[in-house]
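J.: Questions regarding the structure given below will be posed in turn.
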Amino acid sequence: MDKLKCPSFFKCRGKETVTASSENFHVGENDENQDRGNWSKKSDYLLSMVGYAVGLGNVWRFPYLTYNNGGGAFLIPYAIMLALAGLPLFFLECSLGQFASLGPVSVWRILPLFQGVGITMVLISIFVTIYYNVIIAYSLYYMFASFQSELPWKNCSYWSDKNCSRSPIVTHCNVSTGMGYIIQMNKSWVDTNNFTCINGSEVYQPGQLPSEQYWNKVALQRSSGMDETGVIVWYLALCLLLAWLIVGAALFKGIKSSGKVVYFTALFPYVVLLILLIRGATLEGASKGISYYIGAQSNFTKLREAEVWKDAATQIFYSLSVAWGGLVALSSYNKFNNNCFSDAIVVCLTNCLTSVFAGFAIFSILGHMAHISGKEVSQVVKSGFDLAFIAYPEALAQLPGGPFWSILFFFMLLTLGLDSQFASIETIITTIQDLFPKVMKKMRVPITLGCCLILFLLGLMCVTQAGIYWVNLIDHFCAGWGILIAAILEIVGIIWIYGGNRFIEDIEMMIGAKRWIFWLWWRACWFVITPILLIAIFIWSLVQFQRPEYGDIPYPDWGVALGWCMIIFCIIWIPVMAVVKIIQAKGNIFQRIVSCCRPASNWGPYLERHRGERYKDMIDPNKETDHEIPTISGSRKPE
């Protein structure tokens with residue numbers, strides 16, 4: 001008699017047939033890890049990683065840095081920093097998460113003394129997700145506002161003031177009093193009193209573009225400063241709510257649902273960039289914009305400036321999303337023998353090539369904008385918010401069919417932001433799952449939606465009339481030094497304390513043994529080059545620190561103090577958890593510290609069949625252990 005196949009609503013495990021209850025809906029029948037689940041397909045993981053790494057910075061920051069640092073010559077330090085700093089850290093984090101099948105906090109069973117590093121990563125991710133979804137809300141608002149026959153920022157309108165103009169405006173001029181005197185007066189006074197400016201005496205100042213005034217006066221309803229909170233901008237609050245609903249819907253089944261959504265959110269931006277590039281290349285003045293981007297004659301003398309190398313290293317570091325915890329979290333759902341080395345190479349190269357490609361799409365249209373306005377490209381190029389919500393919308397407003405191109409552009413920003421946001425929230429959820437696995441099996445959906453709700457409420461401050469100042473403040477403090485500190489301690493802890501050679505042996509358990517020549521480069525980077533580069537960037541950032549400001553508006557002292565409090569709150573857990581672990585250990589102070597610098601007895605591959613001889617004494621990874629003086633087999637003693 002043929003064996004009966006299990007219906008779809010049952011799970012079959014050998015002779016045991018178990019009802020597939022709702023508590024295990026995030027785990028598939030064919031998953032290797034039946035506790036945590038695995039990616040349904042390798043492509044789900046790769047696209048999620050690409051979506052996480054490729055974000056808004058690839059579109060609104062990299063092209064400007066390339067233009068500002070010597071054009072095509074900038075690609076040389078960019079590629080070198082990718083090889084020396086970006087790729088080594090990226091590969092390290094992917095390997096770490098995949099080996100232990102744990103998130104960014106629990107994975108520090110590898111080195112209990114540094115568990116606070118994982119908490120710092122997660123806390124910074126929480127702060128960043130709050131304001132990152134606000135940027136997604138901005139994109140949603142602009143996309144909805146583009147569904148009109150004419151873009152609302154195409155011309156100055158009822159919301160603009162006298163400074164709204166695409167051409168320079170007269171502020172002062174000389175007038176004759178009729179008594180032989182010539183005096184310089186304000187232009188508004190001249191008009192009010194029916195005087196006439198003497199030809200050639202006019203004093204001009206640049207006007208504010210309609211798109212700039214629309215951004216400040218309509219989209220943001222921006223107040224005069226951080227001191228003036230104002231009211232919640234209701235339509236931005238609704239867009240923020242919609243953004244969180246999208247994130248919650250995509251993540252309610254964890255990686256099983258988000259892994260399918262990224263097929264659209266990770267790939268669609270490439271379609272839009274290609275369309276924008278083709279359209280931009282057909283416009284008059286496009287070649288001028290592109291020549292500014294890559295440098296008709298690349299300025300190789302720029303390579304002598306330390307600032308150029310610092311910009312390249314910083315851009316690589318932040319664009320790859322290392323030390324945020326997301327790479328560890330996403331890789332923790334891989335099957336144990338997945339080739340994480342090739343994954344790291346593919347994702348890093350894709351990220352960097354996307355940045356270069358995006359620059360051509362951006363600068364071709366900015367070149368056209370400069371052409372029709374009679375300006376140099378350097379006068380219209382912007383970075384960050386100014387590029388995404390002022391300069392580029394202004395350029396799109398001048399194109400035939402502007403609303404269509406605007407909808408495409410802001411929908412692209414929406415998808416670029418969403419898949420990065422998916423990974424950030426998954427980092428938070430993965431951390432909760434590792435800490436409370438039994439609760440998460442039963443309550444994953446309520447906890448996921450609850451996190452989204454709490455983060456939405458915290459983000460409401462960022463959609464008040466002073467919201468943009470809060471967004472800029474969090475970005476200035478939390479997305480900077482804290483990540484650098486976490487990255488430095490991460491590589492020092494794993495390579496110098498746990499042992500780089502031992503970590504390489506762990507990787508070879510997953511991807512197979514490699515010849516010594518293969519590891520020569522990685523050893524050089526992990527042990528020496530990458531830590532030195534990260535420390536240099538950190539010191540440079542401290543030396544170059546400037547008080548945050550938005551536009552020409554400085555932040556109040558209490559705002560700067562609040563920024564410092566936020567970053568201190570994130571990193572304070574590093575020493576706090578180190579002290580806690582030392583107190584929990586046994587023995588004298590030296591023995592306690594040594595104990596906390598060794599892997600916990602539940603550190604190793606999550607599944608027993610992957611542990612082999614090296615981790616045969618490992619206990620159940622779901623059990624917490626105190627850090628007594630461990631009796632570890634010879635293969636697990638520190639090097």
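J.: What does the helix-only formula give at 222 nm for the chain: each DSSP H stretch with n ≥ 4 adding -39500 (n - 2.57), the total divided by the residues, and the result rounded to the nearest 500 deg cm²/dmol?
T.: Theoretical 222 nm ellipticity from helices: -17500 deg cm²/dmol.
J.: At a threshold of 8 angstrom on Cα-Cα distance, excluding pairs fewer than six apart, so keeping six or more, what relative contact order does the chain reach in percent?
T.: On the way: 991 pairs, mean separation 180.6, N = 639.
Over the chain, the number comes to 28 percent.
J.: Take the Cβ-Cβ distance between Y270 and A83 as r, set R0 to 30 Å, and report the resulting FRET efficiency rounded to the nearest 0.05. Let's see the in-between values first.
T.: Numbers: r = 24 Å, r/R0 = 0.80.
Calculated value: 0.80.
J.: Round to the nearest 0.05 the FRET efficiency obtained for W234 and F527 when R0 = 56 Å and r is the Cβ-Cβ distance.
T.: Numbers: r = 54 Å, r/R0 = 0.97.
The calculated FRET efficiency here is 0.55.
J.: In addition: Please work out, to two decimal places, the log10 of the ratio I(q)/I(0) at q = 0.13, 0.16, 0.18, 0.20 Å⁻¹ from a Debye calculation in which every Cα of segment 215-364 carries one identical scatterer.
T.: Listed by q, the Debye log ratios stand at -1.05, -1.26, -1.26, -1.25.
J.: Step through the residues of segment 400-416 one at a time and calculate ³J(HN,Hα) from phi using the Karplus curve (6.51 cos²θ - 1.76 cosθ + 1.60, θ = phi - 60°), rounding each to whole Hz and writing x for Gly and Pro.
T.: With coefficients 6.51, -1.76 and 1.60, one gets x, x, x, x, 4, 5, 5, 4, 4, 5, 6, 5, 5, 4, 4, 5, 4 Hz.
J.: Any idea what the dipole of segment 377-480 comes to, in debye rounded to 20, about its Cα centre with Lys/Arg Cβ at +1 and Asp/Glu Cβ at -1? Don't jump to the answer; show the numbers that get you there.
T.: On the way: 5 positive and 6 negative charges, 100 e Å.
Dipole magnitude for segment 377-480 comes out near 480 debye.
J.: Something else about it: Which value, in Å² rounded to 10, gives the accessible area of V579 with a 1.4 Å probe and all protein chains present?
T.: Surface accessible to solvent at V579 totals approximately 80 Å².
J.: Which cross-chain or sequence-distant (5 or more) residues have an amide H under 5 Å from the amide H of K375, H modelled 1.01 Å from N in plane?
T.: Close amide H contacts, sequence-distant or interchain: none at all.
J.: Now for a different question. Loop by DSSP (not H, G, I, E, B), at most 14 other beta-carbon atoms within 10 Å: where is the longest site-free stretch of the chain for trypsin sites (Lys or Arg not before Pro)? List each step's numbers first, then the result.
T.: On the way: sites that count: K3, K5, K15, K41, K162, K375, K514, R515, K586, K616, K623.
The segment 163-374 is the longest one with no such site.
J.: Can you give me the solvent accessible area of C197 with a 1.4 Å probe, rounded to the nearest 10 Å²?
T.: Accessible area, nearest 10 Å²: 20 Å².
J.: Let me cross-check I255: its accessible surface, 1.4 Å probe, with only protein heavy atoms counted, in Å² to the nearest 10?
T.: 10 Å²
J.: Considering the dipole of the chain built from charges on the beta carbon (Lys and Arg +1, Asp and Glu -1) around the Cα centre, which of F404, N337, F300 is farthest to its positive end?
T.: After comparing all options, I get N337.
J.: Full extension from K375 to K162: what is 0.36 nm times the residue separation minus their Cα-Cα distance, to one decimal in nm?
T.: 74.5 nm
J.: Distance in nm between label sites at R609 and V170, each 7 Å beyond Cα in the beta-carbon direction?
T.: Placing both labels 7 Å along Cα→Cβ, they lie 8.5 nm apart.
J.: When a/c is below 1.5 the answer is rounded, else prolate if a/b is larger than b/c, else oblate, so apply that to segment 403-529 with a ≥ b ≥ c taken from the square roots of the Cα gyration tensor eigenvalues.
T.: Values: a/c = 2.06, a/b = 1.66, b/c = 1.24.
It is prolate, given that a/c is not under 1.5 and a/b is the larger ratio.
J.: In whole Hz, with x marking every Gly and Pro, tabulate ³J(HN,Hα) for segment 572-578 from phi via Karplus 6.51 cos²θ - 1.76 cosθ + 1.60, θ = phi - 60°.
T.: My calculation for segment 572-578 gives 5, 6, 5, x, 4, 5, 5 Hz in order.
J.: Using only C-alpha atoms and all pairs of different ones, pull out the Kirkwood radius for the chain in Å with one decimal.
T.: 26.7 Å
J.: Still on this structure, I have one more. May I ask for the angle, rounded to the nearest 10°, between helix 115-145 and the longest principal axis of the chain, with both axes built from Cα atoms and the value confined to 0 to 90°?
T.: For 115-145 against the chain, the angle is about 40 degrees.
J.: Hey, got a sec? Which chymotrypsin sites (Phe, Trp or Tyr not before Pro) in segment 81-144 land in a DSSP loop and have at most 15 other Cβ atoms within 10 Å?
T.: Values: sites: F90, F91, F99, W108, F114, F127, Y131, Y132, Y138, Y141, Y142, F144; in loops: none.
Here no loop site has a sparse enough neighbourhood.
J.: Pulled fully out, how much extra length does the chain show between Q584 and K514, if you take 0.36 nm times their separation in residues and subtract their Cα-Cα distance? Can you show the working numbers first?
T.: Numbers: separation 70, 0.36 × 70 = 25.20 nm, distance 3.90 nm.
So the extension gain works out to 21.3 nm.
J.: Once the dipole of the chain is set up with Lys and Arg at +1 and Asp and Glu at -1 on Cβ about the Cα centre, which of I447, Y158, L435 lies farthest towards its positive end?
T.: L435
J.: Something else: Nothing charged except the Cβ atoms of Lys and Arg (+1) and of Asp and Glu (-1): what's the magnitude of the dipole of segment 194-340 about its Cα centre? Round to the nearest 20 debye. Walk me through the intermediate numbers first.
T.: Numbers: 11 positive and 8 negative charges, 167 e Å.
Around 800 debye, computed over segment 194-340.
J.: Also: Given axes a ≥ b ≥ c from the Cα gyration tensor, I'd like to know whether segment 480-590 is rounded (a/c under 1.5), prolate (a/b larger than b/c) or oblate.
T.: Details: a/c = 3.30, a/b = 1.58, b/c = 2.09.
Oblate, because a/c is 1.5 or more while a/b does not exceed b/c.
J.: State, as an integer percentage, the relative contact order of segment 107-207 based on alpha-carbon contacts under 8 Å between residues 6 or more apart.
T.: On the way: 76 pairs, mean separation 21.3, N = 101.
Relative CO of segment 107-207 lands at 21 percent.
J.: Non-local amide H neighbours of H172 (under 5 Å, H modeled in plane, Pro and chain starts lacking H): which ones?
T.: Answer set, sorted by chain and number: K187, V203.
J.: Rounded to whole Hz and in sequence order, give me ³J(HN,Hα) for segment 432-449 from the Karplus expression 6.51 cos²θ - 1.76 cosθ + 1.60, θ = phi - 60°, writing x for Gly and Pro.
T.: 5, 4, 5, 7, 9, x, 5, 5, 5, 4, 8, 10, 4, 5, x, 5, 4, 5
J.: Around Q208, which amide H atoms from residues at least 5 apart in sequence, or from another chain, sit under 5 Å from its own amide H, with H modelled in the peptide plane?
T.: Distant-sequence amide H within range of Q208: C164, S165.
J.: If you don't mind, there's one more thing I want to ask. State to the nearest 20 debye the size of the charge dipole of the chain about its Cα centre, where the only charges are +1 on K and R beta carbons and -1 on D and E beta carbons. Write out the running numbers ahead of the final one.
T.: Values: 47 positive and 43 negative charges, 314 e Å.
The calculated dipole for the chain is roughly 1500 debye.
J.: A further question on this structure: Are there any GluC sites (Glu not before Pro) in segment 199-251 that are in a DSSP loop and have at most 13 other Cβ atoms within 10 Å? List them by number. Provide the component values of the computation, followed by the final result.
T.: Working: sites: E202, E212, E228; in loops: E202, E228.
Of the GluC sites (Glu not before Pro), the ones in loops of segment 199-251 whose Cβ has at most 13 other Cβ atoms within 10 Å are E228.
J.: Let me ask something else about it. Looking at C348, Y469, L236, which one has the Cα that reaches farthest to the positive end of the dipole of the chain (charges on Cβ: Lys, Arg +1; Asp, Glu -1)?
T.: The residue sitting farthest along the positive end of the dipole is C348.
J.: How far, in nm, would the chain grow between N30 and C565 when pulled straight, counting 0.36 nm per residue and subtracting the alpha carbon separation?
T.: On the way: separation 535, 0.36 × 535 = 192.60 nm, distance 4.62 nm.
Contour length minus the Cα-Cα distance gives 188.0 nm.
The values are calculated or read from the model by the stated rules, or taken from the named source; none is laboratory data. Not measured: the values here are computed from a predicted model. Cβ coordinates were reconstructed from backbone atoms using ideal geometry, including for glycine residues, and neighbour counts include every protein chain displayed. When the accessible area is computed, the model is the full protein with side chains, heavy atoms only, and any ligands, DNA or RNA have been set aside. Shrake-Rupley method; radii C 1.70, N 1.55, O 1.52, S 1.80 Å.
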